[in-house]
Amino acid sequence: LTGVYATALDKTSLWEAFAARRCFGTTGERISLWADVEGVGMGGQVDVEGDEVAVHVRVAGTAALERIDILRRTEVVACRQLAGPSPDGALRVLWMGARRRGTAADQRVIWDGDLGVDAGRFRAVSPVNFQSAADITRINAEGRRLLWTSATAGNRAGVVFHFDGPDEALLSLRTPPCDFDLTAGVIRGGVSIFEAGGLKRRVEIGPAPDEGASLDADLRINIAVQPGEQAVWVRVIQTDGAMAWSSPVVVTA
């Protein structure tokens, strides 16, 4: 979906807003996002002195807000984590990215696979951002394997799960693009990232974020800028996997 900041709900005003880039995109949810740099709203241009600018971000989400990233060109230069770890000890594994640029078929990555454990049991699992009726997840009868069918085409998907077992238990993930082994203690201790080639294709595993975190944010973040012209923009990520992106503000320093 595209969100537009227009002066009126009519064709002339909408086209003026599109041309001025006063708009943002979402993965389909009705997230509301505003961003400005030194008071100049998204789509604008601003000349600054010095090597730092203030970015103002205002978000009204449709689920708990996990993280806000500030990007300069394509580099993440600031990150504000908004959701802490889940208070019930839930864990999460996410897979994301695309095979290559192009059509949906070109981008599509099949992540069908499983997460097995040599000690302990999985006792609950729920999907994150599954997009199709063909995307499913379940725990096998013995409670020792999580299984799923899932595909991405640039988006994020995964599962949140509860695991009863010692920190020494070894969890093994197997998917066509990526596989690895980690102890439960390492997973509980923080997020581990495994690159899987392709176009920003990777797997993240660690504590699940708190789904009871706030849906709203209003904050200012200072970032460094470089000499010359650069696009500064904002990316919002919710705990349900939904995302939103602002149009850039072009900053000349």
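Pick from A105, A83, A141, A124: which is under 21 Å from V186 (Cα atoms) and either part of a loop (DSSP other than H, G, I, E, B) or at pLDDT below 95 (or both)?
Values: A105 fails: under 21 Å from V186 (Cα atoms); A141 fails: under 21 Å from V186 (Cα atoms); A124 fails: either part of a loop (DSSP other than H, G, I, E, B) or at pLDDT below 95 (or both).
After applying the criteria, what remains is A83.
Of all residues in region 127-138, which are without any contact (Cβ under 8 Å) to a residue 60 or more places away in the chain, outside any loop (DSSP other than H, G, I, E, B) and under 22 Å from the mean Cα position of the chain (by Cα)? Walk me through it before giving the result.
Restricting attention to region 127-138, the residues satisfying the condition of being without any contact (Cβ under 8 Å) to a residue 60 or more places away in the chain are 127, 130-138.
Those still in the list that are outside any loop (DSSP other than H, G, I, E, B) too: 127, 136-138.
Answer for region 127-138, where residues must be without any contact (Cβ under 8 Å) to a residue 60 or more places away in the chain, outside any loop (DSSP other than H, G, I, E, B) and under 22 Å from the mean Cα position of the chain (by Cα): P127, I136, T137.
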Q | Pair list, Cβ < 7 Å and 6+ apart or interchain, from region 155-184 residues that are surrounded by fewer than 16 Cβ atoms within 10 Å (Cβ to Cβ) to residues that are of a type in the set (S, T, N, Q) | A | D167/T183; E168/T183; L170/T183; D181/S172
Q | Those residues of region 197-251 which are in a strand (DSSP E or B), polar (S, T, N, Q) and open to solvent by 50 Å² or more (accessible area, probe 1.4 Å), in sequence order | A | N222
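Just to be sure, is A119 more than 17 Å from A208 (Cβ to Cβ), at pLDDT below 95, open to solvent by 20 Å² or more (accessible area, probe 1.4 Å) and not polar (S, T, N, Q)?
Details: more than 17 Å from A208 (Cβ to Cβ): yes; at pLDDT below 95: no; open to solvent by 20 Å² or more (accessible area, probe 1.4 Å): yes; not polar (S, T, N, Q): yes.
Judged against the criteria, A119 is not a match.
If you take the residues in region 141-154 that are open to solvent by 30 Å² or more (accessible area, probe 1.4 Å) and not hydrophobic (A, V, I, L, M, F, W, C), which one is nearest to L199 (Cα to Cα)? Give the steps one after another, and end with the answer.
Of all residues in region 141-154, those open to solvent by 30 Å² or more (accessible area, probe 1.4 Å) come to 141-142, 144-145, 147, 149, 153-154.
Going one step further and asking which of them are not hydrophobic (A, V, I, L, M, F, W, C), we end up with 142, 144-145, 149, 154.
On the way: E142: 36, R144: 32, R145: 28, T149: 20, G154: 8 Å.
Within region 141-154, the match that is nearest to L199 (Cα to Cα) is G154.
The values are calculated or read from the model by the stated rules, or taken from the named source; none is laboratory data. Since we're looking at a predicted model, the values are computed, not measured. We place every Cβ from the backbone using ideal geometry, glycine too, and count neighbours over all the protein chains shown. These area figures cover heavy atoms from the full protein model, side chains too; ligands, DNA and RNA do not enter into them. Shrake-Rupley method; radii C 1.70, N 1.55, O 1.52, S 1.80 Å.
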